[in-house]
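The values are calculated or read from the model by the stated rules, or taken from the named source; none is laboratory data. In this text, all values refer to a predicted model and were calculated from it rather than measured experimentally. FYI the Cβ positions are ideal-geometry reconstructions off the backbone, even for glycines, and counts take in every protein chain you see. Quick note on the areas: whole protein, heavy atoms, side chains included, nothing else; ligands and nucleic acids left out. Shrake-Rupley method; radii C 1.70, N 1.55, O 1.52, S 1.80 Å.
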Amino acid sequence: MPALTDTFTLSNGVTIPKIGFGTWQIPDGPETYDSVRTALDAGYRHIDTARAYGNEASVGRAVRDSGIPRDEIFITTKCPAEVKDAAGARNAFERSTAALDLGPVDLYLIHAPWPWNAIGSDHRAGNIEVWKVFEELYEAGSTRSIGVSNFEVDDLESLTAATTVLPHANQIRWFVGNTQPETTAYCHERDILVEGYSPLATGRLLGNQDIAAIAEKYGKSVAQVSIRYLLQKNVLPLPKSTTPSRIVENADVDFELAPEDVAALDALEGGDR
Ligand code: A2P
């Protein structure tokens, strides 16, 4: 399916498959291992994990056991949001790469601008310190690209004003009704790829009647329309599922939403609140 093999190109020329398999909230062990194997069998070539998910070892084992050449699979992991100093960042990267055991990673992200127990707190200096380690890891070839997650415009501005390498990607919470227009426009203007996590609002979109009405016209599911919407907005979707049939369904999005349907989905902005 082209949606699985098509790629976005990062500002440094590295290509990244347009749909990634999200593993947030999938427990380590058989659940993660089996879901990642299923996703790879279904043709996914991009897996998104994080140190904080606790499932890197199972992701790595699934990728190795798949027999698919390592260079055909794009692997993202993340430095924990709580880590805001250089030594912590180096240590976190070593632990992630040891757990994954896949060699260099393809994309390494700062998980959030602040620790999860202090959302919104000021860690500008810490993020700069961590980013300088990211730049070293990038220059050394330990990761093929570097980026951030959950960064808003102010966070990006203070980071990029004090550092050299512009983030290649920003992974943010992005779905119909919650499209973060300011951050998205800012990133697109600067060739920072926007990746969308929770493209189904962690499942809450599935009962949405407005999306269901559009989906019916195309003979597609609410999940498929919701994921397709991201692609048409040049945002990389990271759908998560542990159900084999849904893993396949979520990548079967080779159809085109007409402009009036995209506009109808745009009009649902704010519906998540
Ligand atoms: P499950 O993992 O049990 O299959 P998000 O990608 O926004 O985080 O949403 C993930 C949630 O949506 C999970 O609870 C997942 O359930 C569910 N889900 C994923 N894909 C589908 C689908 N195609 N149809 C229905 N539910 C889905």
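Helix-only mean residue ellipticity at 222 nm, the chain, DSSP H runs n ≥ 4 weighted -39,500 (n - 2.57), per residue, nearest 500. What is it? Intermediate values should be presented prior to the final figure.
Working: 11 runs with 111 residues, N = 273.
Rounded to the nearest 500, the figure is -12000 deg cm²/dmol.
Accessible area per residue for segment 60-204 in Å², computed with a 1.4 Å probe and the full protein assembly in place, what is it? Don't jump to the answer; show the numbers that get you there.
Working: 5900 Å² over 145 residues.
Here the residues of segment 60-204 average 41 Å² of exposed surface.
With all protein chains present, how much of the accessible area of the chain (probe radius 1.4 Å) comes from carbon and sulfur, to the nearest whole percent? Could the numbers behind the result be given before it?
Details: 5490 of 11330 Å².
Within the chain, the accessible surface is 48 percent carbon and sulfur.
My understanding is that a pair violates if its Cα-Cα distance is over 27 Å; which of Lys84/Lys233; Lys217/Lys240; Lys18/Lys220 do that in this structure?
Values: Lys84/Lys233 32 Å; Lys217/Lys240 25 Å; Lys18/Lys220 19 Å.
From the list (Lys84/Lys233; Lys217/Lys240; Lys18/Lys220), the Cα-Cα distance tops 27 Å for Lys84/Lys233.
With springs connecting C-alpha atoms under 10 Å apart, model the chain as a Gaussian network and identify which of Ala42, Ala140, Ala223 has the largest mean-square fluctuation.
Taking springs between Cα atoms under 10 Å, the residue moving most is Ala140.
Cα to Cα, under 13 Å, and not fewer than 8 places away if on the same chain: which aspartates and glutamates meet these conditions relative to Lys78?
Partners found: Asp48, Glu56, Glu94, Asp106.
Of all DSSP beta bridges located in the chain, what percent are antiparallel, nearest 5?
Of all bridge pairs located within the chain, approximately 15 percent are antiparallel.
Lys and Arg at +1, Asp and Glu at -1: add these up for the other residues within a Cβ distance under 15 Å of Ala264 and post the number. Please list the in-between numbers first.
On the way: positive: Lys217, Lys220, Arg228, Lys233; negative: Asp210, Glu216, Glu256, Glu260, Asp261, Asp266, Glu269.
Within the 15 Å Cβ shell, the charges total -3.
Using a 10 angstrom cutoff on alpha carbons, build the Gaussian network for the chain and name the most mobile of Asn170, Asn12, Asn117.
In the Gaussian network model the winner is Asn117.
Note the per residue figure in Å³ for the convex hull of the C-alpha positions in segment 156-232.
87
What value does the chain have for Rg/Rh, both radii from Cα atoms and Rh as Kirkwood defines it?
0.95
For an R0 of 22 angstrom, estimate the FRET efficiency from the Cβ-Cβ distance between Ser245 and Trp24 and round to the nearest 0.05.
About 0.65, to the nearest 0.05.
Antiparallel versus total DSSP beta bridges in segment 136-260: what percent is that, nearest 5?
Taking every DSSP beta bridge within segment 136-260, about 10 percent pair in antiparallel fashion.
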